[in-house]
Amino acid sequence: MRVLQKGRTAIFLSFLTIFLSCSSESINLDLELNKATVSVNLIGAQAEFDLVNIEVLDVQVKVIDDESVPNCWLSLNVNSKGIYNLLDLIDDSEANLVNSLKIPAGEIFEVKLVLGDNNTIVIDGKTLPLVMNSEHAKGLVIRTEKDLKSNTDYSFSINFDVKKSILKTNIKDRIILSPVLSVSLQTLSNGI
């Protein structure tokens, strides 16, 4: 009787192992199929300055439209963190911040550009810091309600309006960076 019971247990465990391994492969395949591929480019514009440098730390997308949910923002893990001269990012010379990253398909509510503190402007050869308002300290948010389909490639373009973003003040050498951004989305391909 014990031998029969051990045999049944062994058979049950074998079936369970096969079932779980099939289920695991099926889940991994489902997860892979339910992904969209995104790229993000930063585009600047001409302005009457020598240089306008911004420090890019991250790009995030809001995947749950509720700030009280801890994981409502998804980092896109910028592959090219660093300082960019916005005046160079024109005429097909945009900066590729995120390149072909797979993320879960679904709705994107907002895009956030996160800047560091190393933002400067050069006017007539003189380098000055760009001061950001405290409201921009957590990132620059652009509302964009887009539904990303699975197995599809998308390209986001973040357009930085340099002229409207630079505010001169009455205080000597104090220039404020108050970013004016827009975002556009292009569907590159649909693999279905």
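The values are calculated or read from the model by the stated rules, or taken from the named source; none is laboratory data. Keep in mind that this is a model prediction, so the values were computed, not measured. Cβ: placed from backbone, ideal geometry, glycine included. Neighbour counts: every protein chain shown. We work out accessible area using only protein heavy atoms, side chains counted, and drop any ligands, DNA or RNA first. Shrake-Rupley method; radii C 1.70, N 1.55, O 1.52, S 1.80 Å.
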Out of (1) under 21 Å from residue 147 (Cα atoms); (2) open to solvent by 10 Å² or more (accessible area, probe 1.4 Å), the one residue 61 does not meet is (2)
If we ask which residues in region 86-121 are among the polar types (S, T, N, Q) and open to solvent by less than 20 Å² (accessible area, probe 1.4 Å), their number turns out to be 1
- [ ] For region 46-58, state whether one or more residues are of a type outside the set (Phe, Trp, Tyr), farther than 22 Å from residue 117 by Cα and open to solvent by 50 Å² or more (accessible area, probe 1.4 Å).
- [x] yes
Out of (1) open to solvent by 20 Å² or more (accessible area, probe 1.4 Å); (2) within 27 Å of residue 188 (Cβ to Cβ), the one residue 136 does not meet is (2)
Exactly one of 99, 133, 119, 77 is at positive phi and in contact (Cβ under 8 Å) with a residue 24 or more places away in the chain, and that one is 77
For residue 69, the lone unmet condition from (1) modelled with pLDDT under 95; (2) open to solvent by less than 40 Å² (accessible area, probe 1.4 Å) is (2)
Practice prompt. Please indicate, with yes or no, whether at least one residue in region 158-168 is open to solvent by less than 50 Å² (accessible area, probe 1.4 Å) and hydroxyl-bearing (Ser, Thr, Tyr).
Written response: yes
